[in-house]
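The values are calculated or read from the model by the stated rules, or taken from the named source; none is laboratory data. Since we're looking at a predicted model, the values are computed, not measured. Positions of Cβ are backbone-derived with ideal geometry, glycine not excepted, and every protein chain shown enters the neighbour counts. Heavy atoms of the whole protein, side chains included, go into the accessibility calculation; ligands, DNA and RNA do not. Shrake-Rupley method; radii C 1.70, N 1.55, O 1.52, S 1.80 Å.
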Amino acid sequence: MSRAFTKEDDSLEAPIVPPRAPLPPGMANYVTPRGLALLRAELTTLDAARTRAEANRENDADRTRLLSLYNAQLAALNARLGSARLIDPRAQPPQEVRFGATVTLRTRTGGRPGTERRFTIVGVDEADVAEGRLAFVAPIARAVQGAQLGQLVTLQLGGQEEVVEVIGISYDDLALPAA
């Protein structure tokens with residue numbers, strides 16, 4: 001009989017666990033208070049899902065597969081939490097772009113002069129480009145870190161160079177997520 005018509009027991013195969021956002025080797029895992037709260041909330045949610053899977057005795061194969069998946073995800077999340085280095089943005093210098101800063105840039109040359117961009121520099125697990133949260137390891141975030149208010153910074157955007165001015169630095173945009 002062809003193997004195409006046999007059902008393989010895949011419950012014993014290692015689950016495919018989506019990787020967490022990568023950190024460059026040797027790079028510290030900086031997190032904002034908001035980022036740490038999000039990681040802890042994720043841990044609570046994942047732990048509750050694992051507990052429900054443990055209690056479900058309807059299908060042992062599915063239960064085993066789910067538990068393997070949850071345990072692998074929990075291991076990765078616990079490793080990330082264990083390496084987290086909390087940075088309080090309020091302790092950062094207010095006139096300099098550092099981790100946790102919400103930065104506003106205005107294009108001076110290249111691109112479209114006068115265009116403004118605003119983003120917050122956060123940890124890799126908290127990053128969400130659609131929400132304007134860039135990981136501190138992102139090229140644009142690295143380019144502006146250390147810049148001061150009013151300073152011009154050269155960015156490499158694709159194949160083009162753009163000179164931007166830092167026109168705003170704030171450290172109060174990191175409200176904790178709603179519980």
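Looking across the stretch 135-175, the residues that are of a type in the set (Ser, Thr, Tyr) and part of a strand (DSSP E or B) come down to 154, 170. Out of 21, 53, one residue alone is at pLDDT below 95, out of contact with any His (no Cβ under 8 Å at 6 or more places or on another chain) and under 30 Å from residue 141 (Cα atoms). It is 21. Residues of the stretch 77-86 being closer than 14 Å to residue 37 by Cβ and open to solvent by 40 Å² or more (accessible area, probe 1.4 Å), which ones? Correct list: 86 only.
A single entry from 79, 48, 53, 72 fulfils the requirement of being assigned to a helix (DSSP H, G or I), without any contact (Cβ under 8 Å) to a residue 60 or more places away in the chain and under 21 Å from residue 135 (Cα atoms): 79. Residue count for the stretch 101-112 under the criterion of being open to solvent by 10 Å² or more (accessible area, probe 1.4 Å) and part of a loop (DSSP other than H, G, I, E, B): the result is 3. Screening residue 46 on (1) modelled with pLDDT under 95; (2) open to solvent by less than 40 Å² (accessible area, probe 1.4 Å) shows it passes everything except condition (1). Does residue 95 satisfy being on the phi < 0 side of the Ramachandran plot and touching a strand residue (DSSP E or B) at 6+ places or on another chain (Cβ under 7 Å)? Taking the combined requirement at face value, the residue satisfies it. Might you let me know whether the stretch 57-76 holds any residue that is open to solvent by less than 30 Å² (accessible area, probe 1.4 Å) and modelled with pLDDT under 95? Checked against the condition, which is being open to solvent by less than 30 Å² (accessible area, probe 1.4 Å) and modelled with pLDDT under 95, the stretch 57-76 yields at least one hit.
Are any of the residues in the stretch 87-100 surrounded by 14 or more Cβ atoms within 10 Å (Cβ to Cβ), part of a strand (DSSP E or B) and of a type in the set (Asp, Glu)?
As a first pass, look at the stretch 87-100 and keep what is surrounded by 14 or more Cβ atoms within 10 Å (Cβ to Cβ): 87, 89, 92, 96-100.
When the remaining residues are screened for being part of a strand (DSSP E or B), the result is 96.
Cutting the leftovers down to of a type in the set (Asp, Glu) gives us 96.
Yes, because at least one residue in the stretch 87-100 is surrounded by 14 or more Cβ atoms within 10 Å (Cβ to Cβ), part of a strand (DSSP E or B) and of a type in the set (Asp, Glu).
Give the residue that is least open to solvent (accessible area, probe 1.4 Å), with candidates limited to residues of the stretch 113-170 that are of a type in the set (Asp, Glu) and under 22 Å from residue 93 (Cβ atoms). Let's see the steps before the verdict.
Applying the first criterion (of a type in the set (Asp, Glu)) to the stretch 113-170 yields 116, 125-126, 128, 131, 161-162, 165.
Now narrow it down to the ones that are under 22 Å from residue 93 (Cβ atoms): 126, 165.
Working: 126: 14, 165: 35 Å².
In this case the residue turns out to be 126.
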